[in-house]
Amino acid sequence: MAGKALELLRLEHHTEVDVKVTDCFRRCLECRVKPFCRIQLTTVEAKDAEGLVKKIIQSIDQ
């Protein structure tokens with residue numbers, strides 16, 4: 001799922017975001033249940049990759 005979210009972000013907002021991929025956030029198995037990311041110190045999560053990208057974009061626009 002992370003790959004799909006990254007692809008969507010890079011296609012639509014490649015100039016607005018600096019994406020860094022981390023192997024593990026130490027939130028055991030949560031990444032297998034639903035996609036999430038960290039924006040600065042805030043955790044953003046959603047049901048699917050598309051929802052996560054929408055929430056990331058909303059966060060960028062604020």
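The values are calculated or read from the model by the stated rules, or taken from the named source; none is laboratory data. Worth saying up front: this structure is predicted, and the values here are computed from it rather than measured. Here the Cβ positions follow ideal geometry from the backbone for every residue, glycine too, while neighbour counts run over all protein chains shown.
Observations, loosely collected:
- The residues in region 37-62 that are polar (S, T, N, Q), touching a residue at least 12 places away in the same chain (Cβ under 8 Å) and assigned to a helix (DSSP H, G or I) can be counted, and the count is 1.
- Residues of region 1-17 satisfying the condition of being at pLDDT below 70 and of a type in the set (D, E): E12, E16
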